[in-house]
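The values are calculated or read from the model by the stated rules, or taken from the named source; none is laboratory data. Predicted model, so just to flag it, every value in this text is computed and none were measured. No Cβ is skipped: glycine too gets one built from the backbone with ideal geometry, and neighbour counts run over all protein chains shown. Remember, those area values only see protein heavy atoms, side chains included, never the ligands or the DNA or RNA. Shrake-Rupley method; radii C 1.70, N 1.55, O 1.52, S 1.80 Å.
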Amino acid sequence: MSELNPQQQAAVTTTDHPLLVLAGAGSGKTRVITEKIAHLIEQRGLEARRIVAITFTNKAAREMRERVQGRLAREQARGLSVSTFHTFGLNFLRRELQAAGLRAGFSILDPGDCRQLLREITYRDDTGSEVDALVGHISRWKNDLMTPAEALHEASQMTDAPEAIAAANLYPRYEDALRAYNAVDFDDLIKRPVDCLRDDPELRNRWQDRIRHLLVDEYQDTNSAQYQLVRLLVGVSDGLTVVGDDDQSIYAWRGARPENLVRLQDDFPRLEVIKLEQNYRSTNRILHTANALIANNPHVFEKRLWSALGEGEKIEVIGCSDADTEAARVVSELMRRRFRLNAGWGDFAILYRSNHQSRLFEKLLREQGIPYRLSGGQSFFEKAEIKDLVAYLRLLANPDDNTAFLRVVNVPRREIGPATLEKLGHYANQRGTSLLQAARGAGLSEYMDARAQARLERFTDWIDGFQRRGAEESPDVLLRALVEDIDYESWLLENSPNPRAATRRMDNVREFIDWVGRMGGANTTAEYGDDEAEDTRSMGLADIVNRISLMDILDRNRDSQDGNESVQLLTLHTAKGLEFPHVCLVGFEEELLPHRVSVEDDSIEEERRLAYVGLTRAQQTLLITYAQSRSRYGESIDCEPSRFLDELPGEHLDWPDAKPPDPETQQLTARAHLAGLKAMLEK
Ligand code: ATP
Ligand code: MG
């Protein structure tokens, strides 16, 4: 506590007013939240379970929890809730099943599942932009807490009215389907708690009574529903601390409302505002450069930041002839800096605007044997095709897994429509059985016509058959037979945007089958981590399915061990709130940053904030690169340096290759550079 500056101390000890801490990047806002939790428990004697902290990512939540636990005795921290809005919502719904109109074991549908659900409702086959647009509309309405009627009203006044009205008409049917499936989507994790708290005074009192202090990090990126959740949880109490930076609001496209910062002053008249002015993260050159950039945006609140960390090195800017050269140059710079600054791989981060930009860097890092970790990308097990197959395995291993049942029942199409599933859901509900059990039920004939029943029966017979085979065959053999039997390859062809994507997805399927084979093999369980090294018995279906469910946890453990030793590859969005000694901001070009879509939509300010977030992640050194050409769909396209480059103050920039040399020489030099450095490091 003694290390905190006076403003931070004030923020930590102010508990008799709702509090907004508004300050620029690296000024210790997140630190204030951590310290304040400890202060509330230790100094104010608040029970940990009466404190709720909300962070923006699971990773941030994990780190904050660890930090608080490190400060306190184990007993003291028990029951503390630190999570994202979504996880908080999930826990809320688990406790308030009845009020939320849910049953135990409800499923959470991810956006891919939601698209599938809409396809089922509309009997449409398209995978492309139309369904995406529907999902987008509905999601936005839910984030704005609009009922279907309100949505319809709004839709009729929108520029794309016909499409929006179609979406608004689907909205209630979509909600009905979710109810029938005993399922929620991601937006419901916020919206349903808000509905419960708003409509049920007893429940609201109970929650307001329980939560004595609510703390929210990255507050500038809350959307309307999240803001209402905060309001309803806090009520008229003073136990609210939110911290944020309007210059770092980068989720407008997901419904974030930076004006929620201003609204606080209206909704909480007793609100106190504290500003922090010392930056503890970056050198002054980095800080001034970032401040100069963001000064081009209009400001709600003025902020000044200073740093006691010295002037620091100039920011290097390197123009490269093309994307390959950029990757080679960045990797060679990493090697050089690691050597020169005596740094570890974990001290470096490569930041980019869009996920696809990571590919070339990954490839090169792998080739050079440099450990790296990719965040924000889609993991193998999150791919739709893998999730389909995992769902099949789950259903075979555990027939009561309703999520799995719903995921696979119409993949491929089995003509089991939402109406049938709804009736099946009712039947299952009344008997308290799972959907698959219910589908076998003789009493079903009272609920649906013979054709629908016959289709269900065909499906259950088919599952039963594969279950019997599962008792005899090894999991990979079983899975291979299953993939062939359902002709999954054809289904992928029909449901992928193009044949190339289908081929790629089928490759993933084969890779997954091989993986299952290795898992099922007698001696390969060690692959799953050292703790398993002694377990060499062959793994059955249930073992493998459990293993996959635990994957997240296993990965996480591995992350935290290797994380310190790996170069981090992150999008600007996922880099929010983090810091790294050395940062490479790549693809600093028009069309990429600012992104082409944002230029068209006239949202340059949000792109500038993104660039600001990127620059302010760096503690000691910063490298900015851009390419003068990139290949897009096999064609080479000329690129221009980002307009933001012109907004950076020249006195803090260094251009090591004043003018980019001709492409061929540069490629050669970068490659030679890499080879030379590699040889040097290996010595
Ligand atoms: P961002 O806006 O990027 O989320 P932030 O305002 O949340 O940044 P923090 O991440 O909390 O900033 O702090 C930035 C760095 O400064 C961290 O390494 C933190 O530990 C350190 N720091 C914060 N306050 C102090 C302090 N009083 N003394 C020393 N270091 C501090
Ligand atoms: Mg922070």
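If we restrict to alpha carbons, what Rg and Dmax does the range 144-221 come to, in Å?
Reported Rg and Dmax, both Å: 16.2, 47.
In debye, nearest 20, what is the charge dipole magnitude of the chain about its Cα centre with +1 on Lys and Arg Cβ and -1 on Asp and Glu Cβ, if you could check?
Using only the charged Cβ atoms, the result is roughly 1620 debye.
Report, to the nearest whole %, how much of the accessible area of the range 1-104 belongs to carbon and sulfur atoms, 1.4 Å probe, protein only.
44
Accessible area of the range 233-307 with a 1.4 Å probe: how many percent of it is carbon plus sulfur?
51
On average, how much accessible surface per residue is there in the range 595-637, in Å², for a 1.4 Å probe, leaving out ligands, DNA and RNA?
For the range 595-637, the solvent-accessible area averages 45 Å² per residue.
Over the range 121-214, with the other protein chains present, what is the accessible area per residue in square angstrom, probe 1.4 angstrom?
45
Report, by chain and number, residues whose modeled amide H sits under 5 Å from the one on ARG281, excluding near sequence neighbours (fewer than 5 apart, same chain).
It is none; the list stays empty.
Check each of the GluC sites (Glu not before Pro) in the range 275-355 and keep only those in coil by DSSP with at most 10 other C-beta atoms within 10 angstrom; list them in order.
Answer in residue order: GLU302.
Round to the nearest 10 and report in Å² the accessible area of VAL597, as given by a 1.4 Å probe over the protein chains' heavy atoms.
60
Please give the contour-minus-distance gain from LEU493 to ASN297: 0.36 nm per residue of separation, less the Cα-Cα distance, rounded to one decimal in nm.
65.9 nm
Quick one: how many Å² of MET146 are accessible to a 1.4 Å probe, rounded to 10?
Near enough 40 Å² of accessible area.
Which whole-number percentage describes the relative contact order of the chain, with Cα contacts under 8 Å and a sequence gap of 6 or more?
For the chain, the relative contact order is 19 percent.
In the range 1-81, what GluC sites (Glu not before Pro) fall in a loop by DSSP, with at most 14 other Cβ atoms inside 10 Å?
GLU3, GLU47
Take the Cβ-Cβ distance between GLU511 and ASP176 as r, set R0 to 56 Å, and report the resulting FRET efficiency rounded to the nearest 0.05.
With R0 = 56 Å, the Cβ-Cβ based efficiency is 0.90.
Quick check for you: with a 1.4 Å probe and neighbouring chains kept, what is the accessible area per residue of the range 395-532, in Å²?
For the range 395-532, the solvent-accessible area averages 50 Å² per residue.
Among DSSP beta bridges whose residues both lie in the chain, state the antiparallel percentage, nearest 5.
10
Packing-wise, with mean Cβ within 10 Å as the measure, how do 251-260, 602-611 rank, highest first?
602-611, 251-260
Which loop trypsin sites (Lys or Arg not before Pro) in the range 482-518, with loop taken from DSSP, have no more than 11 other Cβ atoms within 10 angstrom of their Cβ?
Hits after loop and neighbour filter: nothing returned.
Of LEU610, PRO594, LEU570, which is farthest towards the positive pole of the range 568-627's charge dipole, taken about the Cα centre with +1 and -1 on the beta-carbons of Lys, Arg and Asp, Glu respectively?
It is LEU570.
Just to verify a number: what accessible area does LEU189 come out at with the full protein assembly present, 1.4 Å probe, Å² rounded to tens?
10
Once you have the Cα-Cα distance between GLN76 and GLN98, take 0.36 nm times their residue separation minus that, and quote the gain in nm to one decimal.
Fully extending the segment from GLN76 to GLN98 adds 4.8 nm.
What pairs in LYS29/LYS576; LYS59/LYS387; LYS142/LYS387 have C-alpha atoms more than 19 Å from each other?
Too far apart for the 19 Å limit: LYS59/LYS387; LYS142/LYS387.
For the full complex of protein chains and a 1.4 angstrom probe, list ASP322, ASP646 by accessible area with the highest value first.
Most to least solvent-accessible, the answer reads ASP646, ASP322.
Around ARG373, which amide H atoms from residues at least 5 apart in sequence, or from another chain, sit under 5 Å from its own amide H, with H modelled in the peptide plane?
HN-HN under 5 Å from ARG373: VAL567, GLN568, LEU569.
Counting only residues 5 or more places away or on other chains, whose amide H sits under 5 Å from the amide H of ALA183 once H atoms are built in the peptide plane?
Those qualifying (amide H under 5 Å, at least 5 residues apart or on another chain) are SER107.
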